Amino acid sequence: MAFGGRYHLVRKIGSGSFGYVYLGRDAETGNEVAMKLEHHSVAPSFLCEEVRIYRSLAGKAGFPEVYWHGDRDDFAILVFELLGPNLEDLFRYCGNQFSLKTTLMLADQLLHRFESLHSNNYLHRDIKPENFLLGLGERGNTVYMTDLGLAIYRHPDRWGSNSPPRPRDVKARPPQLLGTCRYASIRGHLGIPQSRRDDLEALGYMLVYFVRGSLPWQGLKAKPEDKYLLVLEKKQATSTSELCADLPTEFVDYFDYVHSLRDEDRPDYQHLRRMFSNLFLQQGFEYDNVFDWTIREFLRLEPDAQELLASKDVDERPGEGARDAAKNVTKAGRRKRG
């Protein structure tokens, strides 16, 4: 069965917010593609909105290219660029923690993605590591923003409100939380309509999760129906300084800036990137696209890597010896293949 006259399903590889994702193949080129299927019983169609957003962002770095969209039998189908592993899978692969260097390189790219999305007047509203994937091949170091089914359009003149709605009594009637509880902004928990600052607050939680390995509200013991409120209470009780304990002060500065924004304020994304970039340089890091998982892959795949590491004085910043050895192995491998 061919979709769009050329795209064939191969096998299921995952699921999104409201559908399933399959590996597919383009019969004309032989290239592999990703195919997302959403049953027509889902109303309104999140997939149609996702297609609209991707097309509005066409040509922007870090958003998958759409090849075809249509309907077949009981399903809406989206065919788009096949991507690599998501950041949660890579996080686990690296031992459930990223180095500061990797976290800062990710922060730089992710802030660019949010700036692109927000500049098109959309909010993501479902921030989690699973929704950010690496590209493949030459784009293997590019982080892509995906799974935009819960994204919402905000009119450029209506980011703010003269009379914002009062937060609900979540104990009496918890509002339906859009997105993922672990990373949701506090205002998202309270049922207050979200703005750009909420996406950035959720991004901040994700960055802290990466560099610390966990968040204070993970692992809370409660019944499923009580956990939502417990997570909210823990978030409200955790100060920014406590959340970012033992981290560089730039992480506290990030949250302080985000929390200072009003709904109508356009965030200064360049300011946030520069803040993390300055920290990156102060730490003596090199923006070489050598991430934590890059080092692990080199050590796993390159037989000469262990020998290089054994002969090198690695009493340096954690990971630096492995990083240099991996870079040397790469250069040596290129010379041999050349």
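Taken together, the values in this text are just the output of simple stated rules run on the coordinates, not laboratory data. Everything numeric in this text was worked out from a predicted model, so none of it was measured. Note: ideal-geometry Cβ built from the backbone for every residue, glycine included; neighbour counts use all protein chains shown.
General observations
- Whole-angstrom gap from region 232-255 to region 71-123, using each part's C-alpha centre: 23 Å
- When only the Cβ of Lys, Arg, Asp and Glu is charged (+1, +1, -1, -1), the dipole of region 87-282 relative to its Cα centre reaches about 480 debye.
- Other-chain or far-sequence residues with amide H under 5 Å of Phe3's (modelled H): His8
- Sorted peptide list for 132-144, 181-193, criterion being average Cβ within 10 angstrom, highest first: 181-193, 132-144
- Rough spin-label spacing in nm, given labels placed 7 Å along Cα→Cβ, for Gln282 and His8: 5.7 nm
- Over 22 Å (Cα to Cα) - which of Lys128/Lys227; Lys36/Lys235; Lys101/Lys234; Lys12/Lys223; Lys12/Lys221 fall in this group: Lys36/Lys235; Lys101/Lys234; Lys12/Lys223; Lys12/Lys221
- Thr238/Asn96 FRET efficiency (R0 25 Å; Cβ-Cβ; nearest 0.05): 0.80
- Region 53-114: GluC sites (Glu not before Pro) in DSSP loop, at most 16 other beta carbons within 10 Å: Glu65
- Spacing of the modelled spin labels on Ala222 and Thr249, each 7 Å from Cα toward Cβ, amounts to 3.4 nm.
- Test item: Cα-centred dipole of region 2-80, Lys/Arg +1 and Asp/Glu -1 on Cβ, debye: 160 debye
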